[in-house]
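No value in this document is a laboratory result; all are computed from the given coordinates. Keep in mind that this is a model prediction, so the values were computed, not measured. Ideal geometry is used to build each Cβ from the backbone, glycine not excepted, and the neighbour counts take in all protein chains shown.
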Amino acid sequence: MGVQTTVADAGDPDRLSIHQGVRTALAAGLSFWIAQLLHLPGDYWAAISAIVVMQSEMGATRTAARDRLAGTAIGAVAGWLTAIVWHHYVVIFAMSVLLVMVLCTVLHFKNAGRLGGVTVAVIVLIPHAGPVSHIALERFVEVSFGICVSLAIATLWPKAQRP
């Protein structure tokens, strides 16, 4: 059972924007807080992902969540493999980003390519401590966590409807 918005609130475009802002802020804050409690090393990725996937419509949120999850998974694997062989050759990094974007397109994940490319860049270009396989897995878990929180909030607190 979701939180209801009054008819007066639902008819006002500014209130709809505020409603969306509150839902998004709640998803971001809750994702970050719980990720901190779980001691996830990149807890901020959970918050960022919650913001990225939260849309005004539940269907759009589901699509954004699916694309973000797919892009992050494909990008994490590609980033892991690229980090092993790249040795600071820019062309290897660029080819990995291209491969991720093409793969996401072929698999029909509309916006996943850009997100997968970002994941490759985060894993390959940012210096990290520890095995690259752990970094790739951590990115996937942190991002997935934020996605799940956004989906839960979008489900429990649906979009305010216009009368």
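Each of 97, 53, 38 was placed along the dipole of region 36-163 (beta-carbon charges, centred on the mean Cα), and the one lying farthest toward the positive end is 53. What nm distance separates the two modelled labels at residue 25 and residue 12, each placed 7 Å from Cα along Cα→Cβ? For residue 25 paired with residue 12, the spin-label model returns 1.5 nm.
Computed over region 7-156, relative contact order equals 34 percent, with contacts defined as Cα pairs under 8 Å that lie 6+ residues apart. Residue 150 sits among other residues whose Cβ lies under 11 Å from its own Cβ, and their net charge, with Lys and Arg +1 and Asp and Glu -1, is +3.
The Kirkwood radius of region 1-147, taken over pairs of alpha-carbon atoms, gives through the Stokes-Einstein law at 4 °C and 1.567 mPa s a diffusion coefficient of 79 µm² s⁻¹. Helix-only estimate, please: 222 nm mean residue ellipticity of the chain, summing -39500 (n - 2.57) across DSSP H runs of length 4 or more and dividing by its residues, to the nearest 500. The per-residue figure over the chain is -25500 deg cm²/dmol.
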